[in-house]
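Note sheet for the following structure.
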């Protein structure tokens, strides 16, 4: 997202001469910050249902003009009463100036019959708010199931409909707690879990993952809605990894004891164990692989790359040769956007890619030096790669007919083999390595 947008929004505040105010006594819980100060709209701007990528792509002068026009409409429909944000049911959506990635979000709302609203995360619709009664007239769209679902997910996709109806009667305040790590989104409504670690679809472009960051928007639609106690907490990498690792962990077994390379074979002399992690020694490489072989499986692993670091996950490796060609594949582990790779890296060499065959979506690695969490699922010829909670690749090697450099991949159709690491001279580290075999159906 274009960072000049924030500066432009600040210009809007000056243009419309918002008065300087002191912060109201809005006290966030420990570790959270208040998104709304209880007194004015500082920290917010107006934006309707509009693709944030299109807004970011506008020339600066057009973007300023557009946001200024939206702001004029925003202040007509949004007011503040008793430290509550009040919208009359129409107008642009109130939108945070700041962008957020992995977060815990707390929000209270109160709405009226026939209204239909929601919360956009990363500028994307939406955590749904319904008139859940039959009189609301939207049972044909799923309103009878209640609020809190990821309404713009595909029909029947996990999270699209809430697990339980948890709405309170009209006139009472409802409370949301939302935790989002990557695309993985969990929602509690009035202390009841209504969405459980579901992937949030990218409404704006379903061919790419959810944006890594974006703005929070309060949707306005069809009737008065009030908001209060809006608090957000950004989730750091270590906590995000814990959240991802703890969900659906049944059946996973550790293949690394954190102390030595027992159970591993291959280039053991080129790797070492440092601070509970397997580390490729600088200037060395080769494939380190599990003694055990796997057919269909899932693997979860945390990894950390140094600047420009290069390694790979060996998938169904036969125990000899090059993992990328003689094995089913090597899934790249790479500091993709380091300047040393600028201008020449093939998309099929980016991090998470099925090397030389299927490119992965980029932009979802954490900053160099932080630990990343990755889950890989291998079933038959299909491979899915989820990085830090976001699916960056979902492909089928049996359908690949074009190869990088026109180089054949004779091992791509292997149905079993070892799991391992394909070192390329850089001190990339791996830890918390767990594998779950998947039984054939």
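The residues of segment 258-271 that are surrounded by fewer than 13 Cβ atoms within 10 Å (Cβ to Cβ) and assigned to a loop (DSSP other than H, G, I, E, B), listed by number, are 259, 260, 262, 263.
Against the criterion of being in contact with a helix residue (DSSP H, G or I) (Cβ under 7 Å, 6 or more places away or on another chain), closer than 19 Å to residue 110 by Cβ and either crowded, with 18+ Cβ neighbours inside 10 Å or in contact (Cβ under 8 Å) with a residue 24 or more places away in the chain (or both), residue 166 does not qualify. Considered as a group, the residues in segment 144-163 that are outside any loop (DSSP other than H, G, I, E, B) and surrounded by fewer than 21 Cβ atoms within 10 Å (Cβ to Cβ) include one that is farthest from the chain's Cα centre (by Cα), and that residue is 144. Restricted to segment 24-67, and to residues there that are assigned to a helix (DSSP H, G or I) and touching a strand residue (DSSP E or B) at 6+ places or on another chain (Cβ under 8 Å), the residue that is surrounded by the fewest Cβ atoms within 10 Å (Cβ to Cβ) is 55. Is it true that some residue in segment 86-108 is crowded, with 17+ Cβ neighbours inside 10 Å, on the phi > 0 side of the Ramachandran plot, in contact (Cβ under 8 Å) with a residue 12 or more places away in the chain and part of a loop (DSSP other than H, G, I, E, B)? Among the residues of segment 86-108, at least one is crowded, with 17+ Cβ neighbours inside 10 Å, on the phi > 0 side of the Ramachandran plot, in contact (Cβ under 8 Å) with a residue 12 or more places away in the chain and part of a loop (DSSP other than H, G, I, E, B), which makes the answer yes.
Coordinate-derived values only; no laboratory data. Since the model is a prediction, treat every value here as computed from it, not as a measurement. Note that each Cβ is placed from the backbone with ideal geometry, even for glycine, and that neighbours are counted across all protein chains shown.
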